[in-house]
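Structure first, commentary second.
We did not get these values from a lab; they are worked out from the coordinates using the rules stated. Just so it is clear, the structure is predicted and the values come from calculations on it, not from any experiment. Note that we place each Cβ from the backbone using ideal geometry, even for glycine, and neighbour counts take in every protein chain shown.
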Amino acid sequence: MARQDRAQGTNYCDAHLVIDFQRRTVTMDSGAVDLTAKEYELLALLVQHAGDIVPRDSLLFTVWGYSDQIRTRTLDVHLARIRKKLGALGHRYIETVFGAGCRFQPLGQSGAASAAAVESMENVA
């Protein structure tokens, strides 16, 4: 599915995690995940690029508006919080690629197949 389609409101869904991009909600194993606005934006951005390494500078600029000249631990802190809120699977979903950036990796899938995990779920409550 094209990234443009994902950005226009289709959802991400796998055996454990559901992200409703229109409602801006996240559910893990049928329980609501309480994310701050920035945590949600960061997770949504990574999921919309599932399987791809998103450079650190790109994440900082897109989510916070920071230039590549600013040195900050903001991204690392937010990633740690998201991983914790996603529970035992948090580290499997969100991978830090040293020297490159971060990647959202759907469970049981690798780069090329990961885009197939994003599907339209219009009737998710």
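For the reader, a short list of remarks on this structure follows.
- Pair Gln22, Lys38: separation of 7 Å Cα→Cβ label points (nm): 3.0 nm
- Once the C-beta distance of Ala88 and Ser67 is scaled by a Förster radius of 25 Å, the resulting FRET efficiency is 0.10 to the nearest 0.05.
- Directionally averaged projected area (the range 20-111, Cα convex hull): 6.0 nm².
- Straightening the chain between Asp57 and Ser30 buys 6.4 nm, computed as 0.36 nm per residue apart minus the Cα-Cα spacing.
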